[in-house]
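The values are calculated or read from the model by the stated rules, or taken from the named source; none is laboratory data. This is a predicted model, so every value here is computed, not measured. Here the Cβ is made from the backbone with ideal geometry for all residues, glycine too, and neighbour counts use every protein chain on show.
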Amino acid sequence: MKQSTLAIHGCMPERGDAPYSPSAPAIELAASFHYERAADMTAVANAEMEGFVYQRYGNPTAAALQRQVALLEGGDSALACSSGMAALHIALLTALRDRPASILTAEVLFGETFQLLQLMEQQEVMTRYADPCDIEAFEAALAQSDTGCILVETASNPLVRVTPLDSICTMAKRHGVPVVVDATFTTPVLSRPFDVGADILMHSATKYLAGHADVLGGVTVCREAHADWMQELGRHLGPNLGPFHSFLTMRGIKTLPLRMEEHSRNALRVARVLEAHPRVEMVHYPGLDSHPDKAVADRLFARGPDGDTLYGGMVSFDIRDADEAAVFRFANALQLVVRATSLGDVHSLMTHPATTTHKNIGPKRRAQLGIGDNLVRISVGIEDPEDIAADLVQALERV
Ligand SMILES: Cc1ncc(COP(=O)(O)O)c(C=O)c1O
């Protein structure tokens, strides 16, 4: 079945014995489940019988979301978590089981991911950085010392560099190293990391999956080989997503394929308008011919109904000769696009990475990575594209 069908039917409740079934999954709030017979409870707790015992061990609403995301991703097992960061932590701990305590990752990552990796260094899990878009350099780094797992983002935050995930996974297989993927920017609509050989992936469900700025959540998905350990970590560490937010995420996912097409169409339009604007120095969007990874995106990303590649909804750009004060003048002049630190919502929003998502990595490192004080990141929403573009253009006039 196609993604648009799975997104809608993947979370539908089972009919059971009744001649009817509800049109939406129930929000099952119960913290624990009461049993007629103690032996049945023990059997369920020991995974000898299907069922639910205690919410940290599993919940019917979260289970429906997990089924829906696993189906969309073509994965074997999923764990719904209370945030994207919790999902990423679970993904890394899952991958590192019985592996060297070392992670090879990209130099440009979501800012909070750097923080998590630094925290993990306190537990002796060391991190090395290389550029996954430079396959030879990345393989050289991989060969340099024992690597427990590779961590990459499908498209990087905030420069929207597209990781050649097929080549990274082929290389990782040669070295016997599992690949963990942060697929937040692309969602299963644009690309399915398992199809090119990834082992574990995660999403910040706060973003496109839920899509409406009313959920903090995450989902980790893995292959069969990692499933038992990932679920066991979930039971012991308790990162679980609650039933209400599980429900909202499922509801959001039903329209995910439609939204991703619209985000992509609008983002391409906005990127082209920005590229033509004299106050814009550079636009970072993989749908533009000027982007270094356009060919990789065309190879890896899905196509929309009109046959054109879907490049996603994230556009970043450098405002010409702008310092922080000038960027703030631009930000404050926006009337439709909101100032916020999230992404993937139905509404358009802008973020200034240097003072928000990437402030902790310091100005020198930011400059080396190409994240200037004049860089603005736009999560292009699904409003009318001409309204979004007009708002950005009028704000650029006020820089
Ligand atoms: C690429 C990426 N990964 C992970 C996260 C973390 O997600 P959350 O805020 O849901 O913990 C974010 C949040 O912005 C993100 O952009």
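Points worth noting:
- From the list A43, A18, the one residue that fits, being assigned to a helix (DSSP H, G or I) and more than 15 Å from M202 (Cα to Cα), is A43.
- For region 289-312, filtered to residues that are more than 16 Å from A183 (Cα to Cα) and of a type in the set (G, A, S), the residue that is surrounded by the fewest Cβ atoms within 10 Å (Cβ to Cβ) is G307.
- Members of region 387-399 found to be in a loop (DSSP other than H, G, I, E, B) and crowded, with 16+ Cβ neighbours inside 10 Å, listed by number: V399
- In region 317-329, the residues that are at negative phi, surrounded by fewer than 23 Cβ atoms within 10 Å (Cβ to Cβ) and touching a residue at least 24 places away in the same chain (Cβ under 8 Å): D318, R320, A322, D323, E324, A326, V327, F328, R329
- For A64, the criteria (1) closer than 29 Å to I371 by Cβ; (2) touching a Cys at 6+ places or on another chain (Cβ under 8 Å); (3) of a type in the set (A, V, I, L, M) hold in every case but one, which is (1).
- Failed condition for A141, given (1) within 16 Å of the ligand (Cβ to nearest atom); (2) of a type outside the set (V, I, T); (3) modelled with pLDDT of 95 or more: (1)
- Qualifying residue in region 151-163 (condition: under 22 Å from the mean Cα position of the chain (by Cα) and away from the ligand (no atom under 16 Å from the Cβ)): no
- Selection count, region 166-190, where residues are within 14 Å of the ligand (Cβ to nearest atom) and either outside the structural domain of T94 (by TED's automatic domain parsing) or more than 24 Å from G148 (Cα to Cα) (or both): 4
- With respect to (1) surrounded by fewer than 23 Cβ atoms within 10 Å (Cβ to Cβ); (2) away from the ligand (no atom under 11 Å from the Cβ), the lone exception for S83 is condition (2).
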